[in-house]
1. At a 10 Å Cβ-Cβ cut-off, how would you order D51, D31, fewest neighbours first?
2. How long is the gain from I155 to A214 if the chain were fully straight, where each residue apart is worth 0.36 nm and the alpha carbon distance is subtracted?
3. Can you give me the Cα centroid spacing of segment 157-191 and segment 49-68 in angstrom?
4. Would you please give the residues with an amide H less than 5 Å from that of V205, counting only those at least 5 places away or on a separate chain, with H modeled from the backbone geometry?
5. Figure the gain on full extension for K197 and L228 (residue separation times 0.36 nm, minus the Cα-Cα span) and round it to one decimal in nm.
6. Tell me what the chain gives for mean residue ellipticity at 222 nm when only DSSP H runs of n ≥ 4 count, each as -39,500 (n - 2.57), the sum divided by the residue total, rounded to 500 deg cm²/dmol.
7. Find the relative contact order for segment 124-242 and round it to a whole percent, using C-alpha pairs within less than 8 Å whose residues are 6+ positions apart.
8. In whole Hz and in residue order, list the ³J(HN,Hα) couplings for segment 64-70 that follow from phi through the Karplus curve 6.51 cos²θ - 1.76 cosθ + 1.60, θ = phi - 60°; x for Gly and Pro.
Amino acid sequence: MAERRPTSAKRIVALVPALNEEGAIGPVVRDLRELRTQDGKPWLDQVLVVDNGSRDRTAQVAIDHGARVVREPIRGYGQACLTGIKALANEPPAVLVFVDGDGSCDVSELPQILRPILNEEADMVIGSRVRWAEPGSLTLPQRLGNRLASRLLGILYGAKASDLGPFRAITWPALVALGMSDPDYGWTVEMQVLAAKRSLRVREVDVHNRPRQAGRSKVSGTARGVVLAGYKILWTLARHQR
Ligand SMILES: Nc1nc2c(ncn2[C@@H]2O[C@H](COP(=O)(O)OP(=O)(O)OP(=O)(O)O)[C@@H](O)[C@H]2O)c(=O)[nH]1
Ligand SMILES: [Mg+2]
């Protein structure tokens, strides 16, 4: 059933960091733009793709499917997110949703992600993949690493978390209050650490997760990505303890 979007009609934007995703980005942008509320209105006011120095046609494909595209030549997931946020600062949305550009997020679940925020019960909502992820869509190191990081979020910061999933939403004032800075693999966990430290209202909702729909993995499917991401996530958890 389509969700009712409150009549206050908040401005909602999706930010999609993308690196060499020409095979996957088109349907991601299209599906996000096609999402409709019960009243037939688009859920999203804008789909913003941050092209992170792609060597393929990611930017053009995203534009062809109706996205706004900004370019960030310096690589890094967090770097791409920071650039997207800066690009929105002139006309900030009420809520920002983060979605991966590889087709692994089921964007039809966006209303469930937004619901606790629109009901003013949460400042940030994380899509947790632990229960509904398709078999094979999360690698073993990814599952174990996320479990460990989630436990540490609880032990060190009192946060209730089961995942560091990329599909998430946050209100603009909460995002600004966090003061995010991580330029790469620490982005997702940094957001959760800072949210706990600032006592934001954080909710998790279960989401599905598919294997990437095209192209090559940059993180969990490569040894380099796993080592660097694991190290960076643990370091981020440790360094905010002070
Ligand atoms: N790793 C990485 N990802 C980036 C970067 N810039 C944008 N991205 C995007 O961040 C998302 C996550 O990267 P993925 O390669 O899917 O990482 P993953 O989900 O661990 O691995 P998969 O199993 O392949 O899905 C994708 O949408 C990438 O295109 C970057 O500099 N590095
Ligand atoms: Mg992925």
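Just so you know, all these numbers are worked out from the coordinates, no wet-lab data involved. Values in this document were obtained by computation on a predicted structure and should not be read as measured data. Heads up, the Cβs are rebuilt from the backbone with ideal geometry, glycines too, and the neighbour counts pull from every protein chain shown.
1. Working: D51 29, D31 18.
Final ranking by Cβ density, sparse to dense: D31, D51.
2. Details: separation 59, 0.36 × 59 = 21.24 nm, distance 3.69 nm.
Full extension from I155 to A214 adds 17.5 nm.
3. 24
4. Amide H to amide H, under 5 Å and 5 or more residues apart or across chains, V205 pairs with I126, G127, S128.
5. Numbers: separation 31, 0.36 × 31 = 11.16 nm, distance 2.46 nm.
Gain on extension, K197 to L228, equals 8.7 nm.
6. On the way: 8 runs with 91 residues, N = 242.
So the calculated ellipticity at 222 nm is -11500 deg cm²/dmol.
7. On the way: 154 pairs, mean separation 48.0, N = 119.
Computed value for segment 124-242: 40 percent relative contact order.
8. Per residue, the Karplus-derived 3J(HN,Hα) values read 4, 9, x, 7, 8, 10, 10 Hz.
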